[in-house]
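Data first, discussion second: the structure below is written as structure tokens.
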Amino acid sequence: MTSQIPNEKRRLCADAALKCHGTAYIFERRASSIRRRIKLLSFLGIAVPASVGAIIGAYSFDAEILRLILGVAAAIATIQLLLTIWSIVSGWNQSLAYYLESKSVNYRLSGQYERLSTSTTLSANDFDLEYRVLEREGDIRANLDNQHDISDKEKRMGMRYGLRRFQRPCAGCNLVPTTMKATNCGICGK
């Protein structure tokens, strides 16, 4: 049955698997970064008031050190408040939710494309049907992802990750990446 499915169609599936895998990695990295920032804001929101309360409980109210500590705490609280406002205005929580969803869907699509590219049990008609379904879902996901301004640097990073995962040579430098360290290649590095 393998001979019924042209190699070109299998290559399209393998290319789509690589692309989806790289895109998932981009959003995985974004989610990790934004999650750290949200955790830091949450920590500061609890740690600063708790620390001030503990210090007030440990020292008398008229202690000179208390005035200094309250000044430092007020400065930190102001910074934390401004960062919290920025996170709300920038939609960090919504972005995190989208990045996690995109990561999950793209990894799933990558796996489905990979399985389809190596399938030996499907007829040509079944292969085409499954490919069209995946292609439609992949196009929808790509259109949604493209609304989130993926930079050229992120695209190269995603390409490198996909090439590394599928052990394929880069079209630019003709090397199979073994690490995520960027090279001077305009396709999978920089």
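Of the DSSP H helices in the chain, those that are both long (alpha-carbon extent of 24 Å or more along the helix axis) and hydrophobic (Kyte-Doolittle mean at least 0.0) are 7-58, 64-90. Given LYS103/LYS155; LYS19/LYS181; LYS9/LYS153; LYS39/LYS103, which pairs have Cα atoms separated by over 25 Å? Violating the 25 Å limit, Cα to Cα: LYS9/LYS153.
Taking 0.36 nm per residue of separation and subtracting the Cα-Cα distance, full extension of the segment from GLU8 to MET180 would add 59.0 nm. Within the listed set TYR161, TYR59, TYR25, the Gaussian network model of the chain (springs between alpha-carbon atoms below 10 Å) gives the highest mean-square fluctuation for TYR59. For mean projected area of the Cα convex hull in nm², computed directly from the structure shown, the correct entry in [x] 11.3; [y] 12.7; [z] 15.0 is [z]. Extension gain, ASP15 to ASP149: 0.36 nm times the residue separation minus the Cα-Cα distance gives 46.1 nm. For the chain, CYS13, CYS20 stand unpaired, since no other cysteine beta carbon lies under 4.7 Å from theirs.
When peptides 104-110, 75-81 are ranked by their average number of other Cβ atoms within 10 Å per residue, the highest-first order is 104-110, 75-81.
Values quoted throughout were computed directly from the atomic coordinates according to the rules given, and no laboratory measurement underlies them. Keep in mind that this is a model prediction, so the values were computed, not measured. Quick reminder, even Gly has a Cβ in these numbers, built from the backbone with ideal geometry, and neighbours come from all protein chains shown.
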